[in-house]
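Asks: Structure provided below as structure tokens; questions to follow.
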Amino acid sequence: VYDTANSFPVAEAPLDFARVIAPYVRYVHAKDYNVQFTPEGFRLIRCATGDGAVPFRELFAILAEHHDDMIAVLEIGALEARHVKLFTPQWWHGYPPMQAEALAACLLAAQRNKLPEDAEWRTPWERHADHELIDYELKQIRRSAENFKALGLM
């Protein structure tokens with residue numbers, strides 16, 4: 001099982017990671033994040049699949065080189081943003097050393113459709129606007145389906 005946006009939280013570029021695991025993937029959780037850079041690193045903020053930083057067309061082309069019978073489902077990220085504080089020394093505790101080129105590839109990938117630093121990043125859940133949640137969720141899943149249809153992936 002491959003969750004397409006889970007390379008960002010560990011500072012890996014999605015396409016680099018996909019190339020490594022592609023021979024083993026049989027099931028895909030197609031998830032995406034908008035990235036917002038912060039002084040400590042970046043936030044990963046849920047968005048409609050296909051509207052964020054994951055390059056799905058290229059990613060599925062890599063996976064298709066190994067398998068033509070893969071199953072994929074649309075997945076929307078958590079209602080709480082993830083703050084990847086990789087610009088702080090503490091974040092690196094527990095991670096092996098990383099080549100500068102690999103980190104640069106992640107940071108470059110995170111630039112795709114990035115949110116401005118001053119943009120609102122909180123979901124209705126994080127803003128305690130529970131009355132907005134149903135419309136928010138439905139809009140993102142519908143937009144995800146539209147994006148995947150437009151890419152020819154659905």
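The values are calculated or read from the model by the stated rules, or taken from the named source; none is laboratory data. What you are looking at is a predicted structure, and each value in this text was computed from that prediction instead of being measured. Note that each Cβ is placed from the backbone with ideal geometry, even for glycine, and that neighbours are counted across all protein chains shown. Surface accessibility is based on the protein's heavy atoms, side chains included, excluding ligands, DNA and RNA. Shrake-Rupley method; radii C 1.70, N 1.55, O 1.52, S 1.80 Å.
Asks: Which of (1) within 20 Å of the chain's Cα centre (by Cα); (2) surrounded by fewer than 12 Cβ atoms within 10 Å (Cβ to Cβ) is the odd one out, the single condition E126 does not satisfy?
Replies: So the condition that E126 fails would be (2).
Asks: Considering only residues of the stretch 84-104 that are closer than 26 Å to D51 by Cα and touching a strand residue (DSSP E or B) at 6+ places or on another chain (Cβ under 9 Å), which is most open to solvent (accessible area, probe 1.4 Å)?
Replies: Among residues in the stretch 84-104 that are closer than 26 Å to D51 by Cα and touching a strand residue (DSSP E or B) at 6+ places or on another chain (Cβ under 9 Å), the one most open to solvent (accessible area, probe 1.4 Å) is F87.
Asks: Within the stretch 48-67, is even one residue free of Cβ contacts under 8 Å to residues at least 24 places away in the same chain and closer than 25 Å to V25 by Cα?
Replies: yes
Asks: Something else: Check off (1) modelled with pLDDT under 95; (2) in contact with a Phe, Trp or Tyr (Cβ under 8 Å, 6 or more places away or on another chain); (3) not basic (K, R) for I45 and give me the number that stays unchecked.
Replies: Exception for I45: condition (1).
Asks: Is the stretch 111-120 home to any residue that is among the acidic types (D, E) and touching a residue at least 12 places away in the same chain (Cβ under 8 Å)?
Replies: yes
Asks: Next question. Filter the stretch 30-64 down to residues that are among the small types (G, A, S), within 21 Å of R19 (Cβ to Cβ) and either open to solvent by 20 Å² or more (accessible area, probe 1.4 Å) or touching a His at 6+ places or on another chain (Cβ under 8 Å) (or both), then give me how many there are.
Replies: Selection size over the stretch 30-64: 3.
Asks: R112 is checked against (1) farther than 15 Å from L151 by Cβ; (2) surrounded by fewer than 19 Cβ atoms within 10 Å (Cβ to Cβ); (3) of a type in the set (K, R) and fails just one. What number does that condition carry?
Replies: Of (1) farther than 15 Å from L151 by Cβ; (2) surrounded by fewer than 19 Cβ atoms within 10 Å (Cβ to Cβ); (3) of a type in the set (K, R), only one is false for R112: (1).
Asks: Still on this model: Condition check: surrounded by 14 or more Cβ atoms within 10 Å (Cβ to Cβ), within 19 Å of N6 (Cα to Cα) and in contact (Cβ under 8 Å) with a residue 60 or more places away in the chain. Does A81 satisfy that?
Replies: no
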